[in-house]
Structures are given as C-alpha cells and as structure tokens.
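Notes follow the structure.
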Amino acid sequence: MAHPQEVRAQLRRLYIEGMPLSGAAVSSGVNYDSARQWKAAAKAKGDCWDAARAAYRISESGIDDLNKQLVEDFARQVITTTRELETAAIPAQAKAQLLAQLADAYAKFSKAFSRVNPQFSGLSVALDTLKTIADHLAKKDPAALRVLQEHLEDIGAVLGKRYG
C-alpha cells in the first residue's frame, strides 16, 4: 500500500525527534519494514535520518547534555550487562573474565570520551583504576571479583556524582 508523502514526512520527523523507528512507524500507521526501507532509501539519496537525529538532539539539549546522555546510556548498558551476568549460568571463571572485559570496555569508552570532553578525564582515571582492580582479581581471586561485582552499581553512582 502506497503512503502519501505527508506520512513519510511525519515518520521521519518523529524518528528525528527521538522516537524509535518502530514507534514512529506505529504512530504513523506504517509497517516497520516499510519504515526501514524508507529510511534506507533516504540515506541512499543523501538524507541520513541518523545524522539529522543527532543534530536535532544537539540543538535541543546542547552538546554538554548530549555528552552526559551518551555517558549515561553507556553506563546503563554496562549495569544491565552486569546484572545479566549475575544470574547467568556460566562458570565463575568465565563470569570473572566477562566482567573484566566489560570493565575494560567501559574504561576505554571513558578514556576516549575524556579526550572529547575533559570534564570526564577524572572519571576516566577512576574507571581505569577500577578496571585494573577487576583484571587483577580475575587472575588472582575470582571469588573476590564476584564480591566486588555486587558493589559495582553503587561504586559507579559514587564516581558519577564525584566526576559527573
């Protein structure tokens, strides 16, 4: 079924303003696959909806708020993954290794981000220290790493308040 240009424009606007593509599709009365195709076709013609979305986000909230949101989004993903690992049915050593890798990814993200936004350099150092501790415990004392894991969310909150 062909949709009028107004529907395509509405879907694009909703997506750029921050709604997920699936939500924009439902709100516009369009099948999700059609929405994906429209987005891909627009990009092929030089209209990148993701770039427009990023520009809109920056213009609405300012670069500092956007930077803060990026860090919060990544931290939320780390916390969610940590919680999933708590209940995962995998050997303790594998959990410890995955937690160390997660801490490494978080530290690398923070370090890279601090280059863009110097306000986060203190957070980067703190997270790198936490990564060093997790790496050490993964190799020397996996049981201690499991105990530390229970406190990571609280530690992250304290670091966020101190450096964020």
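The values are calculated or read from the model by the stated rules, or taken from the named source; none is laboratory data. Predicted, not measured: the structure shown is a model, and the values here were computed from it. Cβ sites come from the backbone with ideal geometry, for glycine too, and all protein chains shown count toward neighbours.
Below, the figures for the structure above:
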read-out	value
Cβ pairs under 7 Å, 6+ apart, first in the range 19-32 and free of Cβ contacts under 8 Å to residues at least 40 places away in the same chain and farther than 19 Å from Ala2 by Cβ, second of a type outside the set (Ser, Thr, Tyr) and surrounded by fewer than 17 Cβ atoms within 10 Å (Cβ to Cβ)	Leu21/Arg36
Residue list for the range 84-95, restricted to those being among the charged types (D, E, K, R) and either part of a loop (DSSP other than H, G, I, E, B) or loosely packed, with under 11 Cβ neighbours inside 10 Å (or both)	Glu84
Hits in the range 1-30 (condition: among the β-branched types (Val, Ile, Thr), closer than 18 Å to Asp47 by Cα and within 27 Å of the chain's Cα centre (by Cα))	Ile16
Test result for Leu98, at pLDDT 85 or above and either at negative phi or outside any helix (DSSP H, G or I) (or both)	yes
When residues of the range 48-69 are limited to those that are modelled with pLDDT of 65 or more and of a type in the set (A, V, I, L, M), the one nearest to Gly160 (Cα to Cα)	Leu66
